[in-house]
Amino acid sequence: MVTTMGGAPGRSPESYTLSSGAGGARAVVTIAGASQRGALYGGGAFLRKMDWGKGRLSVAAGLADESKP
């Protein structure tokens, strides 16, 4: 899920938060940006944290990352 925090007070537009957890039988990753730009930067950070190869993709359980530039 990718979402914006709608110009969260006290956060720069480039801020983002990444988190992962279980959503029933599926893993759920949330990328929340303070703005569309923050969501884009969060997406880039997520791509760098993924472990992927031919036919597989994994993300560390309990992923929690935040950037507040």
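Scanning segment 35-63 for residues that are out of contact with any Pro (no Cβ under 9 Å at 6 or more places or on another chain), part of a helix (DSSP H, G or I), open to solvent by 100 Å² or more (accessible area, probe 1.4 Å) and of a type outside the set (A, V, I, L, M, F, W, C) yields a single hit, R48. A single entry from E14, E66 fulfils the requirement of being acidic (D, E), modelled with pLDDT of 85 or more and not in a strand (DSSP E or B): E14.
Please pick out the residue among A8, A32, A60 that is in contact with a strand residue (DSSP E or B) (Cβ under 8 Å, 6 or more places away or on another chain) and at pLDDT below 90. None of the other options fit; the residue is A60.
The values are calculated or read from the model by the stated rules, or taken from the named source; none is laboratory data. The structure displayed is predicted, hence computed values, not measured ones. For neighbour counting, all protein chains shown are included, and Cβ atoms are generated from backbone atoms with ideal geometry for every residue, glycine included. In case anyone asks, the SASA skips ligands and DNA or RNA and just uses the protein heavy atoms, side chains included. Shrake-Rupley method; radii C 1.70, N 1.55, O 1.52, S 1.80 Å.
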